[in-house]
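For reference, the structure discussed in these notes is given below.
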Amino acid sequence: MIMVALASTTREGPAAQAVRATAADDVKTEVLREWIGERIFFDARLSEPAGVSCASCHEPSRAFTGDNSSKLGVARGSKPESLGTRNTPTLMYLATAPEFKFVEREGKRVPVGGFFWDGRAATREAQAKEPLLNPLEMNNADAKMIVAKIAATDYAPLVQRAFGANVFEDTERAFDAIAISLAAFQSSTPFAPFTSKFDAVVRGHAKFTETEERGFGLFTIRQKGNCAECHTVNRDSKDPRDSLFTNFGYHALGLAREASIPRNADKSFVDMGLCGPHRIDAPDGKKWCGFFKTPTLRNIEVTAPYMHNGRFTTLRDAVAFYATRDTHPDRWYPKGRFDDLPAELHGNVDRDTPPYHRENGKRPALNDEEIDDIVVFLKTLTDAWKP
């Protein structure tokens, strides 16, 4: 299990220790902002009602994912009856994520970047603001409410020191300062430690077992798992930063509808990713409906459940779905294939990229033993590995 050096109760994480160890007048602004962000991240007084912090749904021990004790594929908010509509994505390894935009890949114009499953937040700062105000999450009525709460904390003087003595006199400026601080914290080392066994192998400090090596090969071979098509890895690089296991792109998997999401009880509700309901600026009409951002696979062992709707509770099922979605659809779709999208949008689902290109009843690209091997390899991506 990942053990990130952050203390949610003592509030003495890396940035806090750096501030304590440095003369007060000599603390660099970026370190101070990181420390402020750390305090905000773990402060459960900031929700409405109080009791929920950013860390409630982004737990360090779960690679900064979580459900705030809902035990479902979506997280509970500050009100007991409040439940989200999507699985909480990891906050790890996002420092290099580009803003949402369209790029040319293999002769096609495709979307990449942004934050959240639908990329609607252009920057990490924009992403940091939304949960504070979302009624299904921390439920503050407006920016003024959250600014007033932070102005009353014991770390308010640090905010003034980092952003100016009169920062709290301007709500917009203060809210920006809060977002900048959270972004600074989420860009710090605990969010991208590169301490997995995979990283040790890349650096030449360890070797894969035979099973891990087989799994790595199956992960990358196009006619087998072909996972690296979207979860990119640079096999030739000795720098782990070149293998983030995501291309920050978008993919339409056509997952089955997930009954545990309360909003799905309304048959008229459809989560279409880039087409809403959270995005209101859907690009290119309905072309990208059903597309969701490709997450990093780093720390995938500890981030269950999987997919944007939390459809799979085990890593093995998630891998098996890719391999057998089209060869054995009855295994995954009790109510009909791609039932979480309107029928007129089924054509958006990827059916051409291996291993999806195989037809119903045909032999899948991966057998059970090969699926197991890939799962073993994926566990080498868990940080805090010890030889």
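Do you know which residues across the range 71-111 are buried (at least 19 other Cβ atoms within 10 Å of the Cβ), touching a Phe, Trp or Tyr at 6+ places or on another chain (Cβ under 9 Å) and among the hydrophobic types (A, V, I, L, M, F, W, C)?
Answer for the range 71-111, where residues must be buried (at least 19 other Cβ atoms within 10 Å of the Cβ), touching a Phe, Trp or Tyr at 6+ places or on another chain (Cβ under 9 Å) and among the hydrophobic types (A, V, I, L, M, F, W, C): L91, M92, L94, A97, F100.
So that you can scan it fast, the table gives a plain yes or no per residue for (1) closer than 30 Å to V202 by Cβ; (2) among the aliphatic types (A, V, I, L, M):
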residue	(1), (2)
P334	no, no
F338	no, no
A365	yes, yes
F377	yes, no
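One residue is enough: does the range 284-304 have a residue meeting the conditions touching a Pro at 6+ places or on another chain (Cβ under 8 Å), in a loop (DSSP other than H, G, I, E, B) and within 22 Å of T220 (Cα to Cα)?
Yes, that holds for at least one residue.
If we scan the range 255-275, do we find a residue that is acidic (D, E) and surrounded by fewer than 17 Cβ atoms within 10 Å (Cβ to Cβ)? Talk me through it step by step, then tell me what you get.
Start the filter on the range 255-275 by keeping residues that are acidic (D, E), which leaves 258, 266, 271.
Adding the requirement that they be surrounded by fewer than 17 Cβ atoms within 10 Å (Cβ to Cβ) leaves 266.
Yes.
Here are G254, G285, G273: which of them is in contact with a helix residue (DSSP H, G or I) (Cβ under 8 Å, 6 or more places away or on another chain) and closer than 23 Å to V112 by Cα?
Values: G285 fails: in contact with a helix residue (DSSP H, G or I) (Cβ under 8 Å, 6 or more places away or on another chain); G273 fails: in contact with a helix residue (DSSP H, G or I) (Cβ under 8 Å, 6 or more places away or on another chain).
Every option except G254 fails the conditions.
Residues of the range 51-85 being in contact with a Gly (Cβ under 8 Å, 6 or more places away or on another chain) and in a loop (DSSP other than H, G, I, E, B), which ones?
If the condition is that a residue be in contact with a Gly (Cβ under 8 Å, 6 or more places away or on another chain) and in a loop (DSSP other than H, G, I, E, B), then V52, H58, D67, N68, L72, G73, V74, A75, G77, S78, G84 are the ones that fit.
Whether any residue in the range 237-245 is surrounded by fewer than 18 Cβ atoms within 10 Å (Cβ to Cβ) and either in contact (Cβ under 8 Å) with a residue 40 or more places away in the chain or of a type in the set (G, A, S) (or both) is what I want to check. Before the answer, list the steps.
Initially, the range 237-245 is screened for residues surrounded by fewer than 18 Cβ atoms within 10 Å (Cβ to Cβ), giving 237-239, 241-242.
After this cut, where a residue has to be either in contact (Cβ under 8 Å) with a residue 40 or more places away in the chain or of a type in the set (G, A, S) (or both) as well, the list is 237, 241.
Checked the range 237-245: at least one residue is surrounded by fewer than 18 Cβ atoms within 10 Å (Cβ to Cβ) and either in contact (Cβ under 8 Å) with a residue 40 or more places away in the chain or of a type in the set (G, A, S) (or both).
Hey, can you tell me all the residues within the range 196-236 that are surrounded by 18 or more Cβ atoms within 10 Å (Cβ to Cβ), farther than 21 Å from W385 by Cα and aliphatic (A, V, I, L, M)?
Once the filter is applied, which keeps residues that are surrounded by 18 or more Cβ atoms within 10 Å (Cβ to Cβ), farther than 21 Å from W385 by Cα and aliphatic (A, V, I, L, M), the range 196-236 yields L218, A228.
Here are D236, D199: which of them is assigned to a helix (DSSP H, G or I), over 28 Å from A126 (Cα atoms), touching an Asp or Glu at 6+ places or on another chain (Cβ under 9 Å) and not aliphatic (A, V, I, L, M)? Talk me through it step by step, then tell me what you get.
Details: D236 fails: assigned to a helix (DSSP H, G or I).
Result of the check over D236, D199: D199.
Of all residues in the range 313-333, how many are more than 27 Å from G66 (Cα to Cα) and in contact (Cβ under 8 Å) with a residue 12 or more places away in the chain?
So the answer is 5.
Scan the range 296-307 and give yes if some residue there is of a type in the set (K, R), in the same structural domain as G225 (by TED's automatic domain parsing) and farther than 27 Å from Y93 by Cβ, otherwise no. Give the steps one after another, and end with the answer.
First, the residues of the range 296-307 that are of a type in the set (K, R): 298.
Now narrow it down to the ones that are in the same structural domain as G225 (by TED's automatic domain parsing): 298.
So of that shortlist, the ones also farther than 27 Å from Y93 by Cβ come out as none.
There is no residue in the range 296-307 that is of a type in the set (K, R), in the same structural domain as G225 (by TED's automatic domain parsing) and farther than 27 Å from Y93 by Cβ.
Within the range 328-341, identify whether any single residue is touching a Pro at 6+ places or on another chain (Cβ under 9 Å) and closer than 19 Å to H231 by Cα, and answer yes or no.
There is no residue in the range 328-341 that is touching a Pro at 6+ places or on another chain (Cβ under 9 Å) and closer than 19 Å to H231 by Cα.
Of all residues in the range 128-151, count the ones that are in contact (Cβ under 8 Å) with a residue 40 or more places away in the chain and either more than 16 Å from S82 (Cα to Cα) or small (G, A, S) (or both).
Kept after step one, since they are in contact (Cβ under 8 Å) with a residue 40 or more places away in the chain, are these residues of the range 128-151: 128-129, 131-132, 134-141, 145-146, 149-150.
Among the residues that remain, those that are also either more than 16 Å from S82 (Cα to Cα) or small (G, A, S) (or both) are: 128-129, 141, 145-146, 149-150.
Number of matching residues: 7.
What is the residue count in the range 265-283 for residues that are in contact with an Asp or Glu (Cβ under 6 Å, 6 or more places away or on another chain) and either outside any loop (DSSP other than H, G, I, E, B) or farther than 24 Å from M92 by Cα (or both)? If you could, list the steps in order and put the result at the bottom.
So in the range 265-283, the residues in contact with an Asp or Glu (Cβ under 6 Å, 6 or more places away or on another chain) come out as 273-274, 278-279.
Okay, now just the ones that are also either outside any loop (DSSP other than H, G, I, E, B) or farther than 24 Å from M92 by Cα (or both), so 273.
Total satisfying the criteria: 1.
The values are calculated or read from the model by the stated rules, or taken from the named source; none is laboratory data. Everything numeric here is computed off the predicted structure, so don't read it as measured data. A quick note on method: Cβ atoms are made from the backbone with ideal geometry, for glycine too, and the neighbour counts reach across all protein chains shown.
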